[in-house]
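**Q** Quick one: this structure, given as structure tokens, is what I'll be asking you about.
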Amino acid sequence: MNILIVGGAGYIGSHVAREFLDRGHSVTVFDNLSSGKRENLFPEAKFIHGDILDYTGLSRAATDRRSAGGFDALVHLAAFKAVGESMVNPEKYSVNNINGTINILNAAVEGGIKNFIFSSSAAVFGRPEYLPVDEAHPTNPESYYGFTKLEIERFLGWYDKLKGIRFAALRYFNAAGYDVKGRLKGLESNPANLIPVIMETACGIRKEVQIFGNDYDTPDGTGVRDYVHVSDLAIAHAMAMDYTSKNDKSITVNLGSETGISVLEIVEAARRITGKPIPATIVGRRAGDPAKLTASSKKAHDLLNWTAQYSDLDMLIKTSWEVYRNI
Ligand code: WQD
């Protein structure tokens, strides 16, 4: 099939592009390279350097019928994702995430693209009321970022009803790791997520890891999360596209490993795997952090036959270290 990947040069987008190429699809990446990287582009994929806020350019890309008669599916991963920043600069998230998505949806309609795979987030749920979090869990985002993802899911529902766009909203839990075959090396700039912070400490870019609280109601007192390998996420996008195109139905699913891992467990595994000391200091809790967050991915399993295969602790750290050790 012919796939347009908006945000395909970013961390998750580039893994998704690789997966679609591996499955023999033809891929066009549309990205403004604001956080995406040229080194994340593949020679087999066509690249359009464009911005989702420029509707003319976006619609030109989405309506291009020169190759294979137009696009069969669009994957949307073009969003800002810094939770803290979204609380101090919501305008930036309104414009890029909301306005940008409306442009993408309208361009998809114009281009007659019927399948739409959207990169959503566990941030739509907010503080967990029960665990594991399934799709029926109430959605009360605690951040403006999470609110933008939830609103986009609602727009998708309307475009399904009114315009026949079949979507898959994929609610990722904590995405981590790098391509299991070692083909992707583009590092995120100024990462704030735990595993990249630990990797930067192992490389000496940072002096220490700050552990945000060790007095949570968890086995070792540190925060527990559901880390899902980016290669598993990439596979889920391809399966979701198969699902929406074959069943002519939209779906919203959680993507997680269904395993909780604590901050300390990750630090310790990283010390073992990298052989580096990785100094860590306990500091105060970070505002808004729940003690524990784990997913139920039963729905993704039942509907897509997807299960995380690469999301065990060692694979998350080993594939990350393979990239960081060489910088
Ligand atoms: C993981 C754990 C921290 C950094 C975020 C977004 C969420 C989703 C995924 C996009 C927590 C602890 C972290 C550090 C630490 N994003 N930690 N020291 O907050 O679970 O989820 O990314 O959709 O919406 O909120 O991820 O990697 O920041 O934190 O101790 O320097 O590591 O407290 O327990 P988080 P994270």
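**Q** Of the residues GLU44, GLU110, only one is of a type outside the set (Gly, Ala, Ser), in contact with a helix residue (DSSP H, G or I) (Cβ under 7 Å, 6 or more places away or on another chain), under 23 Å from LEU187 (Cα atoms) and exposed (fewer than 15 other Cβ atoms within 10 Å of the Cβ); which? First the steps, then the outcome.
**A** Working: GLU110 fails: under 23 Å from LEU187 (Cα atoms).
It is GLU44.
**Q** Between a first residue in segment 202-226 that is touching a residue at least 40 places away in the same chain (Cβ under 8 Å) and closer than 30 Å to GLN309 by Cβ and a second residue that is away from the ligand (no atom under 12 Å from the Cβ) and of a type in the set (Phe, Trp, Tyr), which pairs have beta carbons less than 6 Å apart while being 6 or more apart in sequence or on different chains?
**A** If the second residue must be away from the ligand (no atom under 12 Å from the Cβ) and of a type in the set (Phe, Trp, Tyr), the pairs left are CYS203/TYR324.
**Q** Test ASP314 against the stated conditions and say whether it is at pLDDT 95 or above, over 24 Å from ARG171 (Cβ atoms) and part of a loop (DSSP other than H, G, I, E, B). Reasoning before the result, please.
**A** Details: at pLDDT 95 or above: yes; over 24 Å from ARG171 (Cβ atoms): yes; part of a loop (DSSP other than H, G, I, E, B): no.
Here the answer is no, as ASP314 does not meet what is asked.
**Q** For PHE167, indicate whether it is more than 12 Å from the ligand (Cβ to nearest atom), in contact (Cβ under 8 Å) with a residue 40 or more places away in the chain and over 18 Å from MET87 (Cβ atoms). Break it down stepwise before answering.
**A** Working: more than 12 Å from the ligand (Cβ to nearest atom): yes; in contact (Cβ under 8 Å) with a residue 40 or more places away in the chain: yes; over 18 Å from MET87 (Cβ atoms): yes.
Judged against the criteria, PHE167 is a match.
**Q** Return the residue satisfying two criteria in turn: it lies in segment 11-31 and is in contact with a strand residue (DSSP E or B) (Cβ under 7 Å, 6 or more places away or on another chain) and not in a strand (DSSP E or B), and of such residues it is farthest from VAL180 (Cα to Cα).
**A** Across segment 11-31, the extreme among qualifying residues is HIS25.
**Q** Looking at VAL224 and the list (1) more than 8 Å from the ligand (Cβ to nearest atom); (2) of a type in the set (Val, Ile, Thr); (3) farther than 23 Å from GLY275 by Cα; (4) surrounded by 20 or more Cβ atoms within 10 Å (Cβ to Cβ), which single condition is not satisfied?
**A** It is condition (1) that VAL224 fails.
**Q** If you don't mind, there's one more thing I want to ask. I'd like the residue in segment 285-325 that is of a type in the set (Gly, Ala, Ser) and under 30 Å from SER245 (Cα atoms) and, out of all such residues, is nearest to the ligand (Cβ to nearest atom). Explain how you work it out, then say what you get.
**A** Let us first name the residues in segment 285-325 that are of a type in the set (Gly, Ala, Ser), namely 287-288, 291, 295-297, 300, 308, 311, 320.
Going one step further and asking which of them are under 30 Å from SER245 (Cα atoms), we end up with 295-297, 300, 308, 311.
Working: ALA295: 12, SER296: 17, SER297: 15, ALA300: 16, ALA308: 15, SER311: 14 Å.
So the residue we want is ALA295.
**Q** Could you tell me which of the residues ARG206, ARG225 is over 24 Å from the mean Cα position of the chain (by Cα) and either at pLDDT 95 or above or at positive phi (or both)?
**A** ARG206
Per-residue answers, yes or no, for (1) in a helix (DSSP H, G or I); (2) without any contact (Cβ under 8 Å) to a residue 24 or more places away in the chain; (3) on the phi < 0 side of the Ramachandran plot; (4) touching a Ser or Thr at 6+ places or on another chain (Cβ under 6 Å):
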{"residue": "ILE48", "(1), (2), (3), (4)": "no, yes, yes, no"}
{"residue": "LEU58", "(1), (2), (3), (4)": "yes, no, yes, no"}
{"residue": "VAL75", "(1), (2), (3), (4)": "no, no, yes, no"}
{"residue": "LYS81", "(1), (2), (3), (4)": "no, no, yes, no"}
{"residue": "PHE116", "(1), (2), (3), (4)": "no, no, yes, no"}
{"residue": "GLY126", "(1), (2), (3), (4)": "no, yes, no, no"}
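**Q** Here is a list of conditions, (1) farther than 22 Å from ALA168 by Cβ; (2) more than 17 Å from the chain's Cα centre (by Cα), and ILE102 meets all of them except one; can you say which number that is?
**A** It fails just one condition, (1).
**Q** Just one of LEU41, LEU74, LEU58 is in contact with an Asp or Glu (Cβ under 9 Å, 6 or more places away or on another chain) and within 29 Å of SER143 (Cβ to Cβ); which is it? Quick ask: steps written out before the conclusion?
**A** Working: LEU41 fails: within 29 Å of SER143 (Cβ to Cβ); LEU74 fails: in contact with an Asp or Glu (Cβ under 9 Å, 6 or more places away or on another chain).
Sole residue among the options that is in contact with an Asp or Glu (Cβ under 9 Å, 6 or more places away or on another chain) and within 29 Å of SER143 (Cβ to Cβ): LEU58.
The values are calculated or read from the model by the stated rules, or taken from the named source; none is laboratory data. No experiment lies behind these values; they were computed from the predicted model shown. With ideal geometry, Cβ positions are generated from the backbone for all residues, glycine too; neighbour counts draw on all protein chains shown.
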